[in-house]
Structures are given as structure tokens and as C-alpha cells.
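These notes concern the structure reproduced below.
Nothing in this text is a laboratory measurement; each read-out follows from the coordinates by a stated rule. All of these numbers come straight from a predicted model, not from anything done at the bench. We place every Cβ from the backbone using ideal geometry, glycine too, and count neighbours over all the protein chains shown.
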Amino acid sequence: MPKGPIVTAIEVHEFTFDVRNMAPQGRGVLPQYVKGEKSQRTNIALRVHTDQGITGEYVNSRVIDAAAIRLIADLVIERDALEREKIYADTKWATQQIGRLGVGLIDIVLWDIAGKYHNAPIYQLLGGHRRRLPTYASTWNGDDTQGGLSSPEAYADFAERCLDVGYPAYKIHPWRHGPVQRDIETALAVAERVGGKMELMWDAACKYETLADAVKVGHALDEAGYYWYEDPYKDTGMSAFGHKKLRQLVKTPLLMTEFLRMLEPHVDFAIAEGTDFLRADPDFDGGITGAMKIAHAAEGLGLDVEIHASNASRRHTMAAIRNSNYYEMALLHPDAGPHDAQVVLNGYGDGLEAIGPDGCVPVPEAPGLGVEYDWDYITKNRTGFVVYE
Ligand SMILES: [Mg+2]
């Protein structure tokens, strides 16, 4: 059997970009909406070279993964880039003390190489299933500034705008802090405005201090007919028992497992009846390879899996999964953003206006991830660079 392209070097670039109308709020606090200000973020870009002249590329927003590449580069260099399953197993094992960081990034770049090698988009190599992905508008967290997401009415106004743009669904990330009652009023105000016209989801991102508060909000979501309730409280999404209990007290389906890593804990959590929907993220869960394992495990249990966040790797993954409902367009704000670096040149985009009249986004059709990155921008705005060879 002919060998695939052999990995010769891995480049890790860190680069910065400005987020419009977002201002830093001090140490340990996320930036918030302030008109006319900007905040700086760092993304990372990976380039993996091979002896056949094929280069895999991937840009990602979680800069912490860059550090882990140092640990696993030696397990990837001089390996056959098409042997993803073996590399997945080896890198997963090598990163067991550091939360499996970096495994997903390497896998996604290897899929990009595979697509370029076979001259096919990744979703087609995965088996294909669909080319249009129903999409929900996923909001930023709340803020305290007029013109932003500063009140229940502001969230309802923005929901209406997303509905006008064509979104069939809207997910609220509420304020990261503040009174539970304000969240309840927001859930109800949005449902009153757009309920019945679009699906509504609630993602507390593990903010509620107690299970009792999570139940209280859950009852409001029940009343308003929400589609899912995601990561309610401060166990930080890890207690299967706690969420089994919550499922007994709240009717709205729970969506959990964003904060667990890789296949096995996802399956354990589902079998322990801690969730209704599963979550998978190619960056967090061992790449497209890992996310597909979770999708197939969910399929075997008769459950749905929802893919976390936005970029081309998510689109290819979701396109090849039957048991998945919505692509997440994250994170949208009425007057700030975009949240991730806009470094794709060939027409691909994530953002408020990026959906079609059918409420869907397409899957890139060019080989591999099907996106062309703006390396001029990346190198001009570079703050860190390492090559492993
Ligand atoms: Mg979430």
C-alpha cells in the first residue's frame, strides 16, 4: 500500500486582532461592550508541512493549545499524515495529564492534509450527509451599556433582528454575573417576543451558584417552551448525578458535556442519564476524529449531538452527522465583534449576516477544510512563532 504524506514540520503562529466596540474591564474580567473602544485578542494558526508538498492549515481561537503542541509535536513529525487514528490514540495518551490539549488541533490539520491529498472536502471523506446546516444565532454574554445586551428588552430586540436576518433559532448567553431574576425575566421576554417563530436555547455557561437557582431558571424555560437548557450551574458541567437530578425537576431538555473532554466521559455522562443532548467540539474533543466518535456513540444511544462554536472544522463535522440539529453561529452581538479573527480569504465567513435565506450555512466545497487563510495578516500581526521539525 502506498504511504501517505509524511509530516516534516509543524509551525505554530500566535497573532492578534482587534474586537470592535469591546473594551477590557480589568484583570480576570471578560471585555464588555463599549462603543468606540476595542479589545485585543490572540488566535493561533497551525501549519503542518509534509514531504509531498501538501500543507495542512488551521486557525483556532484557543491560544492555550499552542503550548501543548510542544509536547506532542514529536509524536506527529515523521509520521504518515493519513494515519489519524493512531496519531489520535498516541497524542491522547501523551496529553492525559494536561486535559488532552492540542490533540484536536493536530487532528484537524491532518484532516486538512487528507482532504488536499484526496482532492475532496473533509465532509465528503467523512461520508457526507448534507450540504446546508440549519443555524442558530448564539449571543455574547450580557453587558451594562445602552445599545448592547443590557436588558431583557435588548435581548428580545436582538432576537427579533436575528429572526429578520433569517435565523430559525436563537441562543441566549445571559450576563455572566448578576441576579437570577433578571435572567428569568430575559428568558420570558424573549419568548414572549419571538416564541413560536424561532427555537430558543439558554446557555448559562455554568453561572448559577446553586442547583436550586438552576431549577428556578429551568422552570421559567419550561414555561416559555425552550428547546434546550445548556450548562446550568457551578459544578462546571461535570456532575452526571447532579444533572440527572436536575432532569427530574425540569422539563426542558438539558444539553451537557461541553466541558468534558473526549469520547469516554461523554458516553459515561449520557449513560448516567445526566443529559438529553450531547455536545462535541473538534478542538476540545480530539479533533474531527474525536467529534465523530462522539457523534456515532450518541447515534448508538439514540441521542443527538450538537457541535460547539463556529468555523470550517465544525461545518464539515456537522455535515457528516445525521443526529445533529443546529450549527452554532457564535458569538453575535448587536454592535460589537466579530469574536474571532477574520482571516479566511475565499468567501467563507461566520457572522450575523453569514446565513442564507433558508436559515442555513453551506459547507466549504474545496479540498480539505476548504478555506484559504490570510497568511499576510497572520504574519504581520504575529506575536509568537515556533517551528518544530
Ligand atoms: Mg455552551
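What net charge is computed for the residues neighbouring LYS197, neighbours being all others with C-beta under 12 Å from the C-beta of LYS197, Lys and Arg scored +1, Asp and Glu -1?
Details: positive: ARG193; negative: GLU160, ASP164, GLU192, GLU199.
Once all neighbours under 12 Å are counted, the net charge is -3.
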Could you work out how far the C-alpha centroid of the range 1-31 sits from that of the range 144-190, in angstrom?
-> 29
Tally Lys and Arg at +1 and Asp and Glu at -1 over the other residues with C-beta under 15 Å from the C-beta of GLU78: what net charge comes out?
-> -3
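Express in % the proportion of alpha carbon pairs of the chain at distances exceeding 29 Å. Intermediate results must be reported in sequence, preceding the final value.
Details: 31797 of 75466 pairs.
Summing the P(r) of the chain above 29 Å gives 42 percent of all pairs.
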Starting with the highest mean, order 253-266, 197-210, 88-101, 284-297 by the number of other Cβ atoms within 10 Å, averaged over the residues of each peptide.
-> 284-297, 253-266, 197-210, 88-101
Would you calculate, for the chain, the mean residue ellipticity at 222 nm contributed by helices, counting each DSSP H stretch of 4 or more residues as -39,500 (n - 2.57) and dividing by all residues, to the nearest 500?
-> -10000 deg cm²/dmol
If one builds a Gaussian network model of the chain from Cα atoms under 10 Å apart, the most fluctuating residue listed among GLY337, GLY142, GLY36 is GLY36
Compute the FRET efficiency between GLN40 and GLN248 as 1/(1 + (r/R0)^6), taking r as their Cβ-Cβ distance and R0 = 51 Å, and round to the nearest 0.05.
-> 0.70
Between ILE271, ILE44, ILE106, find the one with the highest GNM mean-square fluctuation for the chain; connect C-alpha pairs within less than 10 Å.
-> ILE271
Taking the Cα centre of the range 125-362 as origin and charging only Cβ (+1 Lys, Arg; -1 Asp, Glu), how large is the dipole, in debye to the nearest 20?
-> 580
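Place a +1 charge on the Cβ of each Lys and Arg in the range 297-359 and a -1 charge on the Cβ of each Asp and Glu, then give the dipole magnitude about the Cα centre in debye, rounded to the nearest 20.
Values: 3 positive and 9 negative charges, 44 e Å.
The dipole of the range 297-359 has a size of about 220 debye.
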For GLN40, the residues 5 or more places away or on another chain with a placed amide H closer than 5 Å to its own amide H are VAL19
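From the cross-link list LYS234/LYS293; LYS35/LYS207; LYS86/LYS251; LYS197/LYS251; LYS92/LYS216; LYS92/LYS171, which pairs have alpha carbons spaced over 30 Å apart? Working shown, then result.
Details: LYS234/LYS293 27 Å; LYS35/LYS207 26 Å; LYS86/LYS251 42 Å; LYS197/LYS251 21 Å; LYS92/LYS216 39 Å; LYS92/LYS171 32 Å.
Beyond 30 Å between Cα atoms: LYS86/LYS251; LYS92/LYS216; LYS92/LYS171.
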For the residue pair ALA23 and GLU223, what label-to-label distance in nm results when each label sits 7 Å from Cα along the Cα-to-beta-carbon direction?
-> 3.6
How large is ³J(HN,Hα) for each residue in the range 378-384, as worked out from phi by the Karplus curve 6.51 cos²θ - 1.76 cosθ + 1.60 (θ = phi - 60°), to whole Hz, x for Gly and Pro?
-> 4, 6, 5, 10, 7, 10, x
Tell me, what HN-Hα J-couplings in whole Hz come from the Karplus equation 6.51 cos²θ - 1.76 cosθ + 1.60 at θ = phi - 60° for each residue of the range 320-330, using x for Gly and Pro?
-> 9, 10, 6, 8, 8, 9, 9, 7, 8, 8, 10
